[in-house]
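Shown next, in structure tokens, is the structure this report addresses.
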Amino acid sequence: MSAVNRGLRQASKQVRLSQRISNINCTRSAGLQSAFRLNNSPSTSPSALPNTRTSSFSTMASLQTAAPGTTPMPAHHKGYDPEITDIADYVLNKNIDSDLEFDTARWVFLDTLGCGLEGLRFKECTKLLGPTVPGTVVPNGPKVPGTPYQLDPINAAFNIGAMIRWLDYNDCWLAAEWGHPSDNLGAILAVADWITRTNKAGGNLANGKQFTIRDVLEGMIKAHEIQGCLALLNSYNKVGLDHVVLVKVASTAVVSKMLGLNEKQTADAITQAWVDGQSLRTYRHSPNTMSRKSWAAGDACQRAVNLALKVLKGEPGVPTVLSAPVWGFYDVLFKGKKFEFQRPYGSYVMENVLFKVSYPAEFHSQTAVEASEKIHAQLKAMGKSAADIKEVTIRTHEACIRIIDKQFKPMDNFADRDHCIQYMCSVMLTFGRLTAGDYTDGSEAATSELVESLRKKIKCVEDPQFTADYHDPALRTISNGLTVELNDGTFLDEVVVEAPLGHRLRREEAKPHILAKYKRHLEPHFSADKVEKLVALGTNPKELEAMSVDEYVDLYVNEKSEFVQ
């Protein structure tokens, strides 16, 4: 067992012991107790742990006990669902001032932009980008990094969101629902850039606001928190909905503030996001797995900006969009259940977000692929290879089995391969690598008979403790353990990895790798001098945060990109 895993296991034991002794209720916040209606009964949600006290409470701050300095919504707007007004109140009135939050957000920002640039290297991505009408350039419109495009804010949000998500390599959040909170940057960056360019040219959007990168980071922190808190105890995938609904809601809320909407208008825009048509997960699962899963987040960003702009023009909201009998979201799409909340909105999600550092792989498989890399090295040292493997057992958590356990399903395309734990582990065990290129049709990995035969020898079994640790708010580990049996009957010792590189418990260890990943993604697009300038700027928080958004985005313009035709 590695020193890292020994340390993590010991830390896990200490956390569980501490929880049993002190019975800490992590969902309470002393400063906000009067602002939340708590249900004294423990949550019966299947995702709640025995040692984690949760509550099926509305997160609505009381209109009568609003915090000093805030402007509560007028009494005649009490008809809004409290889940809606909570988000509007958080976005408009919560002050974000923690150095840790902004530092983490800066790393997420750089990593996300890098992932978007890497996505541009794939023709299936770039064919969807650019203006709706070829050749269109929007004066003062936002620019799309890595390209020559200058678009309207709605289309730019799609472009940036799609390229960010294309390779499944940006940050991740795992709970009852999973997702990628940095997907929201597509909407946030497009709107910030558009407003800033327009106002510098003499416009008066959002009362003349000109955004800095720090403003963008604050928007990211809040979008992360909204998406992540809505996901903690509420599973949208179990009712067939795609997690990008949360990108749309979070982006709509943050963009509404950026556009200068007041609290009621922001609530109106959020209701429009919930009433909007919601994406089905079918494009992520056999037999319909396809590339739409790679641009679904871009679509959510595009819809968010579009809806917020409609409210800016005077479109009203749908106050009880969630709770309306028969026709509301809960009755129509959530089997009549109301959302449950583990904690009030703050900064928990950004502080605990997961970076994808090592592999462009669906996050529930990251630790399994890391374990496979260790086993590949062990086999090589023994003078053996993947061809000597008889069977592999992956001890894992329930969410992994539900999403990416596809032992015998055919691998028809890129989307099938990058969401199959057996395929990802087989590629690593066979070649000692896993890159985005290994998912493409016709690649060495995709056509390898050894990879395909080994894939069918890998089975998953759930470990209830791994599942519990996955949901534990103090741990949030994504554990996988691999046991290999060789053809000669030899069993290799199980290799367990509990927290992947990029997890909060390994954050400092990951930072040099995150920076190297960012630099690696810049290099195919820009000169060596430009790469060094961007890296240096990204590692200078004070200079970066003070920079105007339009001036920063201009650094990423590539008028003669070899990847964008």
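The values are calculated or read from the model by the stated rules, or taken from the named source; none is laboratory data. Since the structure is predicted, the reported quantities are computational estimates derived from the model, not experimental observations. No Cβ is skipped: glycine too gets one built from the backbone with ideal geometry, and neighbour counts run over all protein chains shown. Please note that ligands, DNA and RNA were not included when accessible areas were found on the heavy atoms of the full protein model with its side chains. Shrake-Rupley method; radii C 1.70, N 1.55, O 1.52, S 1.80 Å.
Of note:
- Three-way shape label, segment 301-379, alpha-carbon gyration tensor, a/c 1.5: prolate
- Annotation: per residue accessible area for segment 73-220 equals 31 Å², rounded to a whole number [probe 1.4 Å, protein chains only].
- Think of a 1.4 Å ball rolled over the protein heavy atoms: segment 378-501 then has 37 Å² of accessible area per residue.
- Overall form of segment 89-227 per C-alpha gyration tensor (a/c, 1.5; a/b vs b/c): oblate
- Look at the alpha carbon pairs under 8 Å that are at least 6 residues apart: their mean separation over the length of segment 498-565 gives a relative contact order of 19 percent.
- Under 14 Å from the Cα of Lys457 - aspartates and glutamates, other chains or at least 8 residues apart: Asp388, Glu391, Asp405, Glu449, Glu485
- 20 Å cut-off, amide nitrogen to a point 7 angstrom out along Asp97 Cα→Cβ, residues in segment 532-549: 542, 545-546
- Segment Val332..Ser453, full-extension length gain: 39.2 nm, with 0.36 nm per residue of separation and the alpha-carbon distance subtracted.
- In summary, the aspartates and glutamates within cross-link reach of Lys560, defined as a Cα separation below 15 angstrom excluding same-chain residues under 8 places away, comprise Glu523.
- Under a model in which nothing but the beta-carbon of Lys, Arg (+1) and Asp, Glu (-1) is charged, the chain shows a dipole of about 720 debye around its Cα centre.
- Most positive-pole-ward Cα, Met428, Ala176, Ile96, against dipole of the chain from beta carbon charges: Ala176
- Per-peptide average of other Cβ atoms within 10 Å, ordering 304-313, 406-415 highest first: 304-313, 406-415
- Protection proxy ranking of 520-528, 549-557, by the mean of other Cβ atoms within 10 Å over each peptide's residues and highest first, is 549-557, 520-528.
- Residues in segment 357-385 reached by a label modelled at His513 [backbone nitrogen below 18 Å; 7 Å Cα→Cβ]: 357-378
- Packing-based order for 200-210, 226-236, 421-431, using average beta carbon neighbours within 10 Å, highest first: 421-431, 226-236, 200-210
- Amide N of segment 488-532 lying under 18 Å from the label point, which is placed 7 angstrom from the Cα of Ala381 along Cα→Cβ: 490-497
- A DSSP coil position with no more than 14 other Cβ atoms inside 10 Å describes the following chymotrypsin sites (Phe, Trp or Tyr not before Pro) in segment 267-376: Trp327.
- A crude spin-label estimate for the pair Ser286 and Val535, with each label 7 Å from Cα along the Cβ direction, gives 4.2 nm.
- Equivalent ellipsoid, segment 318-423 (semi-axes from 5 times Cα gyration tensor eigenvalues, Å): 41, 19, 12
- Whole-percent carbon and sulfur share, accessible surface of the chain, 1.4 Å: 52 percent
- With contributions of -39500 (n - 2.57) from each DSSP H run of at least four residues, the per-residue ellipticity at 222 nm computed over the chain stands at -14000 deg cm²/dmol.
- Relative contact order of the chain, pairs being alpha-carbon contacts under 8 Å that are 6 or more residues apart, as %: 18 percent
- Given Lys374/Lys456; Lys264/Lys542; Lys238/Lys310, the pairs whose alpha carbons are separated by over 24 Å: Lys264/Lys542; Lys238/Lys310
- Rounded to 5, the percent of DSSP beta bridges in the chain classed as antiparallel: 75 percent
- Pairwise label distance in nanometres, Leu555 with Leu486, each label 7 Å out on the Cα-Cβ vector: 5.1 nm
- In segment 435-480, trypsin sites (Lys or Arg not before Pro) in a DSSP loop with at most 14 other beta-carbon atoms within 10 Å: Lys456
- Helical segments meeting 27 Å axial Cα length and Kyte-Doolittle 0.0 threshold in the chain (DSSP H): 99-119, 213-232, 292-312
- Rounded if a/c under 1.5, otherwise prolate or oblate - the chain, Cα gyration tensor axes: oblate
- Counted residue by residue at 0.36 nm each, then reduced by the alpha carbon distance between them, the extension gain from Glu543 to Val461 reaches 24.6 nm.
- Inter-probe distance in nm under a simple model that places probes 7 Å from Cα toward Cβ, at Asn413 and Gln565: 2.0 nm
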